[in-house]
Amino acid sequence: MAEISFAACASHAPGLAGWFDKAPEDDRRQVSAAYQRLHDELVESRTEVLVIIGNDHVANARVYDYPDFTVGLAAEHVGPDQWFQPWLRLDEYRMPGDPEVAGALADGLADTGLTVRAAASNLRFDDNVSVPVSMLRLAETGVRLVPILQNCTVPPLPKERACYGFGRRLGELVRDRLPAGLRVGLLGSGGLSHEPGGPRYLEIDEKFDRWWLDLLADGDHERVLSEATFERMEAAGAGGTAELLSWQVVMGAIGERPCTPLCYVCVPQWRCGVGAVRWELDSTPVGG
């Protein structure tokens, strides 16, 4: 069986790319240090395939035919999409994919009751994948990338328990269907509080963000699912904060384990609360 070798979640705000220098120096230092730690731990974990779960910003499907999740099968993933390059101010990157792993996951995830599609051609990536590729310096790690983009915007969308269940199935597939000895990492990309293009575009709900990080650190997943609902996320920033559903996918995949927050900054210039967490995989899951 394969092994989940790395599990973390981090914000992917476009400000971390195109507007990074607009933040105060101390905030930039904290975020850079958190991503550096994740980079180092990813390398130390000897992860071979990194699955990035992030939201799709209505770039890869029509609103009238929107899947819950899209798995990228490409042998090479190229980004950022040309339309987003001036906005993100990132150079083009090319990350090796793993069509066999991606295909096995897509096939197995089709029985979750959610709409799961597989995309053979290159997906259009904006900050959802491009920011972690850049901030984690993934090109230096040697990992192969499998992107899973999820619907966090177009109703009806999978909410907290559906995403957690999707994550549980993802974890089962990694352990039971992927090649023995393969080391697979999981990264939830998105959040924290923000409301892109809405009336609270310039606002960050710092109280919600800190509550969310404290909730994850406590490690009680049932409490997270009961209290950190999709509706609660929307109240903290419509159309943006629900990117945290990708974090709940990762939580479902690894089970209840100690979580360590790595940073949190509230930078209005970035239009988004920014934070990161990691899970200690050496511990036994609660109830495991």
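Numbers at a glance
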item: In the stretch 62-93, residue surrounded by the fewest Cβ atoms within 10 Å (Cβ to Cβ) [restricted to those that are aliphatic (A, V, I, L, M) and out of contact with any strand residue (DSSP E or B) (no Cβ under 7 Å at 6 or more places or on another chain)]; result: 63
item: Filtered residues of the stretch 199-227 (kept if closer than 24 Å to residue 14 by Cα and touching a Phe, Trp or Tyr at 6+ places or on another chain (Cβ under 7 Å)); result: 209, 210, 213
item: Residue within the stretch 126-142 that is within 30 Å of residue 237 (Cα to Cα), in contact with an Asp or Glu (Cβ under 8 Å, 6 or more places away or on another chain) and surrounded by fewer than 21 Cβ atoms within 10 Å (Cβ to Cβ) present; result: no
item: Condition met for residue 247 (more than 17 Å from the chain's Cα centre (by Cα) and either of a type in the set (Phe, Trp, Tyr) or within 21 Å of residue 56 (Cβ to Cβ) (or both)); result: no
item: Single unsatisfied condition, residue 110 versus (1) outside any loop (DSSP other than H, G, I, E, B); (2) surrounded by 24 or more Cβ atoms within 10 Å (Cβ to Cβ); result: (2)
item: Selection status of residue 176, of a type in the set (Asp, Glu) and surrounded by fewer than 24 Cβ atoms within 10 Å (Cβ to Cβ); result: yes
item: Exclusive hit being more than 15 Å from the chain's Cα centre (by Cα), of a type in the set (A, V, I, L, M, F, W, C) and closer than 17 Å to residue 159 by Cα, set 228, 253; result: 228
item: Residue, farthest from residue 59 (Cα to Cα), within the stretch 145-162, restricted to residues that are of a type in the set (A, V, I, L, M) and part of a strand (DSSP E or B); result: 145
item: Hits in the stretch 230-261 (condition: over 11 Å from residue 279 (Cβ atoms) and in contact with a Lys or Arg (Cβ under 7 Å, 6 or more places away or on another chain)); result: 230, 237, 252
item: Top-ranked residue of the stretch 225-258 - restricted to ones that are touching a strand residue (DSSP E or B) at 6+ places or on another chain (Cβ under 8 Å) and surrounded by fewer than 24 Cβ atoms within 10 Å (Cβ to Cβ), ranked as nearest to residue 68 (Cα to Cα); result: 254
item: Flag for residue 272 being touching a helix residue (DSSP H, G or I) at 6+ places or on another chain (Cβ under 8 Å) and more than 23 Å from residue 151 (Cα to Cα); result: no
item: Within the stretch 143-153, considering residues that are of a type in the set (A, V, I, L, M, F, W, C) and more than 10 Å from residue 72 (Cβ to Cβ), the one surrounded by the fewest Cβ atoms within 10 Å (Cβ to Cβ); result: 143
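To keep it simple, each residue is scored yes or no on (1) over 30 Å from residue 110 (Cβ atoms); (2) at pLDDT below 95; (3) in contact with a strand residue (DSSP E or B) (Cβ under 7 Å, 6 or more places away or on another chain).
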| site | (1), (2), (3) |
| --- | --- |
| 3 | no, no, yes |
| 15 | yes, yes, yes |
| 36 | yes, no, no |
| 51 | no, no, yes |
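For every residue, the table says whether it meets (1) within 18 Å of the chain's Cα centre (by Cα); (2) at pLDDT 95 or above.
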position: 77; (1), (2): yes, yes
position: 85; (1), (2): no, no
position: 91; (1), (2): no, no
position: 94; (1), (2): no, yes
position: 104; (1), (2): no, yes
position: 111; (1), (2): no, no
position: 115; (1), (2): no, yes
position: 121; (1), (2): no, no
position: 126; (1), (2): yes, no
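The values are calculated or read from the model by the stated rules, or taken from the named source; none is laboratory data. Here the structure is a predicted model, which is why all the values come from computation and not from measurement. Quick reminder, even Gly has a Cβ in these numbers, built from the backbone with ideal geometry, and neighbours come from all protein chains shown.
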